[in-house]
Amino acid sequence: MTRGTAADAGLTGPGAAADPAAPGPGAVRRGGRYRRRRKLRKGTELTILLGPGLVLFLGFVLAPIVVGAYYSLYNWDGLGPLNHFTGVHNYKIAFSDPVFVQAIEHTLVLTGLALLIQGPLSLGIALLLNRKFRGRALMRLVIFAPYVLPPAVTAVMWSLMLQPDGLVDEVMKSVGLGGLVQLWLANIHVVLYTNFAVLTWQYLGFGIILLLAGLQGVPYELQEAAAIDGATPWQVTRRVTLPLLAPTIRIWIFITVIGSLQVFDVIWLMTQGGPANASDSMATYMYRTGFQNQAFSYGTAIAIIMFIFCFTFALAYQRFALRRDTAGALTRAVG
């Protein structure tokens, strides 16, 4: 019996030959060193790529939140050391203040109106602008133009047009709607919705452009195949276009809700939350109490409450709505 047949027969012992294909001790050591170098290289790459962003995140996002939460536990006027610890007293005052509770209600109303009105308008106009017709490029430019204007310019411009006997009043009178003319910025029952109309005018273009970008990813072949099978344009839109556009719609909802919870600039520049706090949002209330009234620790507590609102929504929305979209988007490190 040869050495090869002995090994094939499973005979082992002192006289049996060693398998020539088995790696030797030197090869095992070289393999271990290679794996260690590979892990070290991967760790170095991750540190170089993630390190700067992580430092910026910790320094400009996480650290201010932690410091703000700490300051909100004191009674501090912005000067001197933190000596008067009050615990959660600022938070109790906030939720017992009817003006702040009303500001929360206004913020939620603006958020709901944005979803119910801006959403369908953005979707309908995006579907229209996705079709080919003469002047489409100009129409896209006109619709998107308000979004690129600074909020300060928008607020000042609309404040002038909404003055009594201003441009808005004259236009409404000229088309026979003079009976609907109001004190747009002074009527406590109308001012919140006036602010919402201005916000819609400015930010509607963003939703349209975002949805238009999503529509470019809907394969035309699927729409054409559905039409050949006898589907009506409405059925094609409902059964083919909208399901494929759903991830973009969910992203728009997330951005809109977070932005509405933090709305400040246009409202502050137009009405400063007035008259009689009728157009207050959480952000305008925070600015007025924290900076104008110099109650810095109390204003910081309002900011932390706003952060909790946004963070809670972001976590819940990520868990129940965006999870299906991001599940396949995360990739492992190459190595």
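Below is a table of values for the structure above.
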| quantity | calculated |
| --- | --- |
| So G207, is it of a type in the set (G, A, S) and outside any helix (DSSP H, G or I) | no |
| Scan of the stretch 225-255 for residues that are hydroxyl-bearing (S, T, Y) and closer than 12 Å to L210 by Cα, ordered by number | T248 |
| Some residue of the stretch 76-87 being surrounded by 12 or more Cβ atoms within 10 Å (Cβ to Cβ), at positive phi and at pLDDT below 85 | yes |
| Looking only at the stretch 273-296, and only at residues there that are of a type in the set (G, A, S) and surrounded by fewer than 23 Cβ atoms within 10 Å (Cβ to Cβ), the one that is farthest from L185 (Cα to Cα) | A295 |
| Qualifying residue in the stretch 190-204 (condition: more than 22 Å from V153 (Cβ to Cβ), exposed (fewer than 13 other Cβ atoms within 10 Å of the Cβ) and of a type outside the set (S, T, Y)) | no |
| Residue count, the stretch 24-49 (criterion: hydroxyl-bearing (S, T, Y) and modelled with pLDDT under 80) | 1 |
| Extreme residue, nearest to W268 (Cα to Cα), among residues of the stretch 154-205 that are aromatic (F, W, Y) and in contact with a Leu (Cβ under 7 Å, 6 or more places away or on another chain) | F196 |
| Flag for G273 being part of a helix (DSSP H, G or I), among the small types (G, A, S) and out of contact with any Gly (no Cβ under 7 Å at 6 or more places or on another chain) | no |
| Number of the exception - L129 against (1) farther than 24 Å from V266 by Cα; (2) in contact with a Phe, Trp or Tyr (Cβ under 7 Å, 6 or more places away or on another chain); (3) of a type in the set (A, V, I, L, M, F, W, C); (4) surrounded by 14 or more Cβ atoms within 10 Å (Cβ to Cβ) | (2) |
| Residue under evaluation K92, criteria (1) out of contact with any strand residue (DSSP E or B) (no Cβ under 7 Å at 6 or more places or on another chain); (2) outside any helix (DSSP H, G or I); (3) closer than 30 Å to G299 by Cα, criterion not met | (2) |
| Positions within the stretch 286-312 being touching a strand residue (DSSP E or B) at 6+ places or on another chain (Cβ under 6 Å) and farther than 15 Å from I65 by Cα, in sequence order | none |
| Flag for L128 being in contact with a helix residue (DSSP H, G or I) (Cβ under 8 Å, 6 or more places away or on another chain) and either at pLDDT below 95 or in a loop (DSSP other than H, G, I, E, B) (or both) | no |
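The values are calculated or read from the model by the stated rules, or taken from the named source; none is laboratory data. Everything numeric in this text was worked out from a predicted model, so none of it was measured. Glycine gets a Cβ as well: all are built from the backbone with ideal geometry, and neighbour counts include every protein chain shown.
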